[in-house]
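Below: the structure, in structure tokens.
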Amino acid sequence: MNSKLTRRRFIKGVIFSGAAATTSTGLYLASNAQSGQGAAERLINLNINGRTRPVDVMPSETLAYTLRYKLDLTGTKIGCNRGECGACTVLINGIPNYSCSVLTHNVKDKAVISIEGVKDADGTLHAVQAAFVTENAPQCGFCTPGQVMSAVALLNNNPRPSRQEVRQALSGNLCRCGAYEHYINGTLRASGQIA
Amino acid sequence: MPSHDVMPNMELYQPVQVEDAIAIADRLAERGWLVGGGQDTYGWLKDRAKSADALIDLSGIEALRGIREISDGIEIGALTTLTEITDNSVIQSQFSLLADAAGRVASPQIRNIGTIGGNVSQDVRCWYYRRGLSCYRAGGNLCYADTPQGMNREHSLFEASRCVAATASDTAPALVALDATMVIQSLNGERTVSAEDYFVGPAIDIENTTDLRPGEILTAVRIPSTWANATFYFEKVADRNVWDFSLVNVAAAFKVNGGIVEDSRIVAGAVQATPRRLTNVENAVRGQAKNAATAESAAAIAVDGARALAHNGFKIPLMQNLVKRAISA
């Protein structure tokens, strides 16, 4: 057995074939849709993490689905898949949104940053990520990518937020481990207010 | 409840002109589903509780975005996000009631994409209806919530007619209190309807929550200067501070002169299928001092006619206390 065939790769293979089957149905519907004005084109260019690439996107596909299953950007987590947990938070033109509740076709003219895109080009962690490590912020870690995105968006707009402003900015991200204080401390540390 | 990882396959239209959107909406009628931010829509579709042949995505229509000052007040494009409303300086200074209400909706991420048009046009909250059961509102012939075992803690106190579900919107009561006008466009041109008449209860139309008809698009909300810079009060009580829908909310505007209430508009949300304007309370406080004593006597009549279900009796004192605070604050 190929030692490179890790468990994760094997699971991805299964999901891909499922997606391919769904796609063929989508192709049929999309070809109907193109008869009317304003109907969406299936093949679109997506600007993800500063890189533009063409992706074949079903008409009603969510951004979280595209990121994870088409672009292999599995850092974005799907928790509830209905806008009630925040694990799938990404930045769309700098604004935090739930990628499970945005159609991929809605972001084709926009810049999307997912958790894979916040570190520096040389791999250095973003200040928020480094501060979360120092503060032992994640417990199970599932909500962490979303917490990082919300904190990064806050500090981009407000480099020295108050504790209350941090609480407000992270309020759309659930943490079932209850590590909220760690994430708030981490965000304040990243802003240079806790040394 | 089955969970579905993906959206159902549907056609998607992304017009960039209002005229094109109207033409598509008219052609598809009931087979089309208008989407603004989609934050209510996608749950229905993922749950397979409702469906349509095509989504008509309005979010690319720039003409439907933004807040403009008009000759009498302001006009808010229906696709303006709740965050944009909360952060707008004109709304903050003149109509802070709406900024307060919009800022209490759901979570930051949802407010970043959820629109004012969608917030006022969202469907009612009811576990059974949203589960896809064939209740009255879904075209069936029974109500699952108004039964001895029914989960109806979040449901209506007033104006129930077969369906007991309550409105979920936080901005709707604020818009009624501000005497807003909804601007609706279709192939027949533009029509306007007052916010009060935009919302429709089950006695009049059990399958719709608004006056919008297939082929029509809500394009803007106009707020007249009548209540600009009035004394406002908004309060929302929910189980959690984020995400949750109101158990009861109250939006009120007072014109106060020398401590005396000259006029007011007081509206409660989440107590029936539409925002409930409390005209009896408005009449009772007119000409009275805006203080705790007036609040005490007026709040007593705020809940006249309330009919509690098995589990929502707590909403009666909750609503009274919110009205009391609105008047005495």
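At-a-glance table
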quantity: Amide H within-cut-off set for residue B:263, under 5 Å, with H built and near neighbours excluded; calculated: B:255
quantity: J(HN,Hα) series, region B:6-19, from Karplus relation 6.51 cos²θ - 1.76 cosθ + 1.60, nearest Hz, glycine and proline x; calculated: 10, 5, x, 6, 9, 6, 9, 10, 10, x, 10, 10, 4, 4
quantity: Pairwise label distance in nanometres, residue A:139 with residue B:192, each label 7 Å out on the Cα-Cβ vector; calculated: 5.4 nm
quantity: Taking B:304, B:146 and counting other C-beta atoms within 10 Å, the order from fewest to most; calculated: B:304, B:146
quantity: Global geometry of the protein assembly as shown, whether rounded, prolate or oblate, following the gyration tensor of its Cα atoms and the 1.5 cut on a/c; calculated: prolate
quantity: Per-residue average of Cβ from other chains inside 10 Å of B:59-66; calculated: 1
quantity: Backbone HN-Hα couplings from phi across region B:210-222 [Karplus 6.51/-1.76/1.60, Hz, Gly and Pro as x]; calculated: 10, 7, 5, 10, x, x, 9, 10, 6, 9, 7, 10, 10
quantity: Hz values of 3J(HN,Hα) by residue in region A:189-195 - Karplus curve (6.51, -1.76, 1.60), Gly and Pro given as x; calculated: 5, 4, 7, x, 8, 10, 9
quantity: For chain B: relative contact order, % (alpha-carbon pairs under 8 angstrom, 6 or more apart); calculated: 17 percent
quantity: Under 9 Å, Cβ to Cβ, from residue A:56 - net charge with Lys/Arg +1 and Asp/Glu -1; calculated: +2
quantity: Inter-chain shielding of B:30-40 (mean C-beta neighbours from other protein chains, 10 Å cut-off); calculated: 2
quantity: Inter-chain shielding of B:13-19 (mean C-beta neighbours from other protein chains, 10 Å cut-off); calculated: 4
quantity: Computed label-point distance, nm, for sites residue A:51 and residue B:228 using a 7 Å Cα→Cβ extension; calculated: 5.2 nm
quantity: 5 angstrom amide H check on residue A:60, placed H, neighbours 5+ away; calculated: B:10
quantity: Potential lengthening between residue B:26 and residue B:141 on full extension [0.36 nm per residue; Cα-Cα distance subtracted]; calculated: 38.4 nm
quantity: For residue B:220, residues with placed amide H under 5 Å, excluding near neighbours; calculated: B:78, B:183
quantity: Over 27 Å (Cα to Cα) - which of B:255/B:324; A:70/A:110; B:50/B:236; A:108/B:236; B:46/B:315 fall in this group; calculated: B:50/B:236; A:108/B:236; B:46/B:315
quantity: Of the trypsin sites (Lys or Arg not before Pro) in region B:113-201, those whose Cβ has at most 13 other Cβ within 10 Å and which sit in DSSP loop; calculated: B:131
quantity: Centroid-to-centroid separation of region A:123-180 and region B:263-291 [C-alpha atoms, Å]; calculated: 42 Å
quantity: Extension gain from residue B:62 to residue B:161, taking 0.36 nm per residue of separation minus the Cα-Cα distance; calculated: 31.7 nm
quantity: Residue with peak Gaussian network fluctuation, chain B [Cα springs, cutoff 10 Å], from B:56, B:223, B:85; calculated: B:56
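Coordinate-derived values only; no laboratory data. Computed from a prediction, not measured in an experiment: that's the story for all the values here. Because the Cβ atoms are built from the backbone with ideal geometry, glycine has one as well, and the counts that use them run over all protein chains shown.
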